[in-house]
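Peer 1: Pasting a structure below so you can have a look.
The values are calculated or read from the model by the stated rules, or taken from the named source; none is laboratory data. This structure is a prediction, so every number in the text was calculated from the model and none was measured. In this analysis, Cβ positions are derived from the backbone assuming ideal geometry, glycine residues included, and neighbour counts consider all displayed protein chains. In case anyone asks, the SASA skips ligands and DNA or RNA and just uses the protein heavy atoms, side chains included. Shrake-Rupley method; radii C 1.70, N 1.55, O 1.52, S 1.80 Å.
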Amino acid sequence: MAIKFLTLFILTLVALVVLYLVAAFFLSRILVPKELSAQGDVEIYILSNGVHTDLVVPLKTEVFDWNSFISVADTKVPATEARYVAFGWGDKVFYLETPTWADLKVSTAFKAMFGLSSSAIHATFYQQLQENELCKKILLTKSQYSRLIRHIQQWFQLDAAGSTMPVKTDANYGTNDAFYEAKGSYNLFYTCNTWTNNGLKACGQKASWWTPFDTGILYHYRPAKKAAE
């Protein structure tokens, strides 16, 4: 009886994983089209490390100065010459305790998948970016960029004074990044890439209907010939 139960459990688990992956593949290929608008002049980027995506925005424009919301002083070495800041949202424990895949713990993965821990926003400051297969530039109008700003800001957890809350940690990924307390919980159906994808929707850009993976986003930003294949 125990063997039958275990076999049924394993088969059910495998079926659920397959169903999840199939849904992720097909739903990510459904395009939410870019809204019709005038050509924009605010330069942003989608940046992937091969698994996780960030939304990269100018540190300062006439629309908004991110220095009024977060600070380069929160990094190990103040990035005083930075021109861009990348924002990524995700599971706080995963961010802080898994700098590499070799550091991944089963308990950390389990809590992240099922929304059992808090979240954080990872901000990374850059002087410049280079477009490639994992870094895609998009031009927004000022109105679209304002909507993206609101999307990013609403995920920050603020203190009683309305200020962002840096996470005190030595688990930075480099000298130019910082973590901040955030709202929401990461889970199988709302991942770091889902957050990025929803940011693209918020500012009227091409996006997947739903995707938990970076590939679902980048698929729609491939050269036209490849996307049609």
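Peer 1: Grab the DSSP H runs of the chain that are 4 residues or longer, score each as -39,500 (n - 2.57), total them, divide by all residues and round the 222 nm result to the nearest 500 deg cm²/dmol. It would help to have the intermediate numbers written out before the result.
Peer 2: Working: 7 runs with 74 residues, N = 229.
Mean residue ellipticity, 222 nm, calculated: -9500 deg cm²/dmol.
Peer 1: Of Gln157, Gly216, Ser117, whose Cα points farthest to the positive end of the dipole of the chain (charges on the beta-carbon: +1 Lys, Arg; -1 Asp, Glu; origin at the Cα centre)?
Peer 2: Gly216
Peer 1: Counting pairs of alpha carbon atoms under 8 Å apart in space and at least six apart in sequence, what relative contact order in percent does the stretch 112-229 give?
Peer 2: On the way: 142 pairs, mean separation 38.0, N = 118.
Once normalised by length, the contact order is 32 percent.
Peer 1: Probe of 1.4 angstrom, ligands and nucleic acids ignored: what's the accessible area per residue over the stretch 33-88, in square angstrom? Mind dumping the intermediate values first?
Peer 2: Working: 2840 Å² over 56 residues.
Counting only protein heavy atoms, the per-residue value for the stretch 33-88 is 51 Å².
Peer 1: For the stretch 182-190, just list the computed ³J(HN,Hα) in residue order, Karplus coefficients 6.51, -1.76 and 1.60, θ = phi - 60°, integers in Hz, with x standing in for Gly and Pro.
Peer 2: Computed from phi, the couplings for the stretch 182-190 are 9, 8, x, 10, 5, 7, 4, 9, 9 Hz.
Peer 1: Work out the length of the dipole vector of the chain about its Cα centre, built from +1 on the beta-carbon of each Lys and Arg and -1 on the beta-carbon of each Asp and Glu, and round it to the nearest 20 debye. The partial results should precede the final answer.
Peer 2: Working: 21 positive and 19 negative charges, 146 e Å.
The calculation lands at about 700 debye.
Peer 1: Percent of accessible area on the stretch 161-225 owned by carbon and sulfur, 1.4 Å probe? Show your work: numbers first, answer last.
Peer 2: Numbers: 1600 of 2760 Å².
The nonpolar share, carbon plus sulfur, comes to 58 percent.
Peer 1: Looking at this model, which pairs from Lys60/Lys183; Lys168/Lys201; Lys142/Lys168; Lys76/Lys183; Lys34/Lys136 are more than 26 angstrom apart at the alpha-carbon? The partial results should precede the final answer.
Peer 2: On the way: Lys60/Lys183 24 Å; Lys168/Lys201 32 Å; Lys142/Lys168 34 Å; Lys76/Lys183 24 Å; Lys34/Lys136 15 Å.
The answer is Lys168/Lys201; Lys142/Lys168.
Peer 1: Normalised by the residues of the chain, what does the relative contact order come to in percent, with Cα pairs under 8 Å and at least six apart?
Peer 2: On the way: 400 pairs, mean separation 66.4, N = 229.
Once normalised by length, the contact order is 29 percent.
Peer 1: Would you rank Ser119, Ser71 by solvent-accessible area, highest first, keeping every protein chain in place and using a 1.4 Å probe? Before the final figure, lay out the partial values.
Peer 2: Details: Ser119 0, Ser71 45 Å².
Largest accessible area first, the residues go Ser71, Ser119.
Peer 1: Measure nothing fancy, just the Cα-based angle from helix 192-202's long axis to the longest principal axis of the chain, in degrees from 0 to 90, nearest 10.
Peer 2: On a 0 to 90 degree scale, this one is about 50.
Peer 1: If ligands, DNA and RNA are left out, what is the accessible area of Thr215 with a 1.4 Å probe, given in Å² to the nearest 10?
Peer 2: Thr215 exposes around 70 Å² with every protein chain in place.
Peer 1: When all protein chains stay in place, what accessible area (Å², nearest 10, 1.4 Å probe) is found for Tyr186?
Peer 2: Probe radius 1.4 Å; accessible area of Tyr186 about 50 Å².
Peer 1: Can you return the aspartates and glutamates within cross-link range of Lys137? Criterion is Cα-Cα under 17 Å, with same-chain partners fewer than 8 residues away left out.
Peer 2: Correct list for Lys137: Glu35, Asp41, Glu43, Asp54, Asp214.
Peer 1: With axes computed from alpha carbons, what is the tilt in degrees of helix 2-28 against the longest principal axis of the chain, rounded to the nearest 10 within 0 to 90?
Peer 2: 30 degrees
Peer 1: Order Val14, Val57 by their accessible area, 1.4 angstrom probe, all chains in place, largest first. The partial results should precede the final answer.
Peer 2: On the way: Val14 80, Val57 0 Å².
In descending accessible area the options line up as Val14, Val57.
Peer 1: Among [x] 18.8, 60; [y] 18.8, 69; [z] 25.6, 98, which is the computed Rg and Dmax of the Cα atoms in Å?
Peer 2: Answer by label: [y].
Peer 1: Right, here's the next one. Taking the full set of protein chains and a 1.4 angstrom probe, give the accessible area of Lys142 in square angstrom, rounded to the nearest 10.
Peer 2: Solvent-accessible area, nearest 10 Å²: 80 Å².
Peer 1: Return one whole number: the accessible area per residue of the stretch 162-229 in Å², for a 1.4 Å probe.
Peer 2: Working: 3050 Å² over 68 residues.
Ligands and nucleic acids excluded, the result is 45 Å² per residue.
Peer 1: Gaussian network model of the chain, Cα springs within a sub-10 Å range: biggest mean-square fluctuation belongs to which of Ser117, Ser208, Ser143?
Peer 2: In the Gaussian network model the winner is Ser143.
Peer 1: If you don't mind, another one. Positive end of the dipole of the stretch 1-92, charges at C-beta (+1 Lys, Arg; -1 Asp, Glu), about the Cα centre: which of Gly40, Ile30, Thr75 has its Cα farthest in that direction?
Peer 2: Toward the positive end, the furthest listed residue is Ile30.
Peer 1: Something else: What's the local net charge at Val56, with K and R +1, D and E -1, over the other residues with C-beta under 15 Å away?
Peer 2: Values: positive: Lys60, Arg83, Lys136, Lys137; negative: Glu43, Asp54, Glu131, Asp177, Asp214.
Result for the neighbourhood of Val56: -1.
Peer 1: Could you give me the ³J(HN,Hα) list for the stretch 137-145, computed from phi with Karplus coefficients 6.51, -1.76, 1.60 and θ = phi - 60°, whole Hz, x at Gly and Pro?
Peer 2: Once θ is set to phi - 60°, the couplings for the stretch 137-145 become 8, 9, 9, 10, 6, 4, 5, 5, 5 Hz.
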